[in-house]
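The values are calculated or read from the model by the stated rules, or taken from the named source; none is laboratory data. Since the structure is predicted, the reported quantities are computational estimates derived from the model, not experimental observations. Neighbour counts are summed over all protein chains in view; Cβ atoms, including those assigned to glycine, are modelled from backbone coordinates with ideal geometry. Each accessible area value is taken on the protein alone, full model and side chains, heavy atoms only, with ligands, DNA and RNA left out. Shrake-Rupley method; radii C 1.70, N 1.55, O 1.52, S 1.80 Å.
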Amino acid sequence: MHTNSKQFVWITMDSIVTKIVLNMQISRRSGQYTMNHGNGNPSLDKVSFNRSGSQDSLDELSLDDCYWTEVENIKKSTDNSQEKQDVVVKEPDEGEEEEEWLKEAGLSILFGEGSADSQESMVFLATLTRTQSAAVQKRIDTVRQTLRKKNKHHQIPDVRDVFKQPAVSKEKDEGLNELQPAKTSEVAQEEPKEKSEGSIPAQDSKGQSTPAEDVPLPETDINLEVSFAEQASNVNEVSGVRNEKEDDTLLPNFRLQQDKTGITKIGDLAPQDMRKVTSLALIELTALYDVLNTELKLQRAAKVKVKETGVFRVPLSILLEQDQRKVPGTKVPLILQSLISLIEKGGLGTEGVLRIPGASSRVKALCQELEATFYEGTFNWDTVKQHDAASLLKFFIRELPLPLLTVEYMKAFHSVQYLPTKQHRLQALNLLVILLPDIHRDTLKALLEFLQKIVDHRGQNKMTLKNVAMIMAPNLFTDHTSSIKGVDQDAVTSATRTANIMLFMIKYQKLLWTIPKFLVAQVRQHNIVSQKKNVKEKAVKKLLKRMAYDREKSEKAEKSLADNDKPQGFIRVQAPQFSKVSMAVQLTEDLKAGDILARFLNLESGSSMTLTREEVSLYEIGGNIGERCLEDTTYMKDLSQLNPRAEWVIKPKHKE
């Protein structure tokens, strides 16, 4: 039965792909396509796509044609290729989905047996916002009801006990009140006013319509200090979430609000803090979807046999292991780096650099040769044409056995387009990027940066942001046919949805790699409470109490010496890599992290110092954070007040 169903879906998809957007009448004078969907007659003629047609100037191509031409090119390139193995998705039983969610959120302790760290979970729960707590409570209730039906006897804590504030969290601590998430009543953020659907397109001096992406729109601040779900809930309570149809061709210039304590990017935090951010991001994403009444489904890929050698159709995790043996520290697959480098070397101004496909016979031969010789270092890149390299790059992305956006979150990425406003979609994409595994996130970042470079050369290559999004969407959002159940089978709707998501990821990619300040604040709060809990646990045993006393006495002596050398209003900056390893720096209102770096570098200008300005950063270490790399625009006085117990160290940046 399963096989027949799968074959039926394959036939359906083939029918859709070969019969979509038909009876298209091409007007060469206007350079536009007129689409006639007919009256529901299923017997439509197949549109013929040919290679010569793809060579036409992009001015004569509609966006739909870009998408569907790419789909047709993908079909042609895979007709005679090796059949890849479908990813089998495990459909969870009733209640299992919520259990998996709680595990991903780091809260499996709430339904497991023999938990030894329940207090740690309670500390974590104490940092949650109102909407985050409601999202967790909803999943706990579902798990409890499911286990009751199955007559299981797990000790599921009562919701009233789960969200009861631990006594320790009520104690006042330095900076704790400042780290609490802002109250939603104080931050009723209005949705940005966007142009209506009926807006007249801008025209140039000759009266010709200009691409909407080139039309300057007002800048709109993105609030990262308050939970996204809390913002959405507040707007929903006050005026109701807007559900009108938006014009996705008009994209606001979203920008980050200035933050004196510094913006935190993915990669800036220590691993232990990043794990907390990931757990919080999943809870926040779920809370946002709950508030907006949108279903969030996470999938689970069953273990299947995959290739463990080669460069194509190999999971990213295995590729990374291979590449790190060859080049230690590698974070992005070497094959992808090589293809991007080759395309950039050939010139990003080449017309149709992504749109025009390489010759299928050459691409197939190159693929086989790369499989055999890439890691031997004998492959001759000089023989590869630019369009062939672009075809190989797209082939690499779409043929990953585990998708770049992952099986777990593919449906979540698809559902972003159902969110009411552009700001909600951007917020959801931000959280989803945080949730991706490191290798998938790093690879996606490299791909999006490359695509932005192509868009930057649109004046020469005739590839606008929308064109690039339309072409890359069917390659990035490949879902391995129907193995992921529930994916929308309407090709036109799917094309629009995925292309818009692709467009958002390219245009707003710098925002997507930002960790919202409210998540960092929750991590700081969690660390403060955990530290107090640990101190109390140490005081229980006499031996540890004695050790703590001796340590405290030693630290007080060291602090006293340091205070003599560090007057009030100063911080001491350590620079072990420099000849001047330490410096007392006076805090002023306008002192920034970049200013401190400049002082040390100026002192090193006449030495044999090999580190450059681009290679080092100032780090915030300890106190209420594990470790955080500071951007140059961070105001040091504001940050030192937020984390008065931190140490300040200049050291080499983490490699990206």
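Quick look at the numbers
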{"read-out": "Region 414-434, residues that are part of a helix (DSSP H, G or I) and more than 18 Å from residue 279 (Cα to Cα)", "value": "414, 415, 416, 417, 418, 422, 423, 424, 425, 426"}
{"read-out": "Residue that is farthest from residue 375 (Cα to Cα), among those in region 325-337 that are open to solvent by less than 40 Å² (accessible area, probe 1.4 Å) and of a type in the set (A, V, I, L, M)", "value": "332"}
{"read-out": "Residue within region 354-364 that is at pLDDT below 95, buried (at least 19 other Cβ atoms within 10 Å of the Cβ), more than 18 Å from residue 449 (Cα to Cα) and not small (Gly, Ala, Ser) present", "value": "yes"}
{"read-out": "Matching residues, region 371-420, being open to solvent by 20 Å² or more (accessible area, probe 1.4 Å), touching a helix residue (DSSP H, G or I) at 6+ places or on another chain (Cβ under 9 Å) and acidic (Asp, Glu)", "value": "408"}
{"read-out": "Residue list for region 636-648, restricted to those being open to solvent by 20 Å² or more (accessible area, probe 1.4 Å) and either hydrophobic (A, V, I, L, M, F, W, C) or farther than 15 Å from residue 517 by Cα (or both)", "value": "637, 641, 642, 644, 645, 647"}
{"read-out": "Residue 363 vs. criteria within 30 Å of the chain's Cα centre (by Cα) and β-branched (Val, Ile, Thr)", "value": "no"}
{"read-out": "Some residue of region 267-286 being within 18 Å of residue 408 (Cα to Cα), in contact with a strand residue (DSSP E or B) (Cβ under 7 Å, 6 or more places away or on another chain) and open to solvent by 40 Å² or more (accessible area, probe 1.4 Å)", "value": "no"}
{"read-out": "Among the residues listed as 264, 278, 220, 286, the single one being at pLDDT below 95 and hydroxyl-bearing (Ser, Thr, Tyr)", "value": "220"}
{"read-out": "Selection from region 293-324 of residues that are open to solvent by less than 10 Å² (accessible area, probe 1.4 Å) and part of a helix (DSSP H, G or I)", "value": "316, 319, 323"}
{"read-out": "So residue 615, is it within 25 Å of residue 525 (Cβ to Cβ), at pLDDT 85 or above and within 32 Å of the chain's Cα centre (by Cα)", "value": "no"}
{"read-out": "Residue 443 modelled with pLDDT of 95 or more, open to solvent by less than 10 Å² (accessible area, probe 1.4 Å), hydroxyl-bearing (Ser, Thr, Tyr) and under 30 Å from residue 519 (Cβ atoms)", "value": "yes"}
{"read-out": "Residues (touching a Phe, Trp or Tyr at 6+ places or on another chain (Cβ under 9 Å) and not in a helix (DSSP H, G or I)) located in region 325-347", "value": "333"}
{"read-out": "Pairs with Cβ under 7 Å, 6+ apart, first in region 302-325 and closer than 13 Å to residue 400 by Cα, second in a helix (DSSP H, G or I) and hydroxyl-bearing (Ser, Thr, Tyr)", "value": "316/443"}
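Here is a yes/no grid of residues against (1) among the charged types (D, E, K, R); (2) farther than 21 Å from residue 581 by Cβ:
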residue	(1), (2)
600	no, no
605	no, no
620	yes, no
643	no, yes
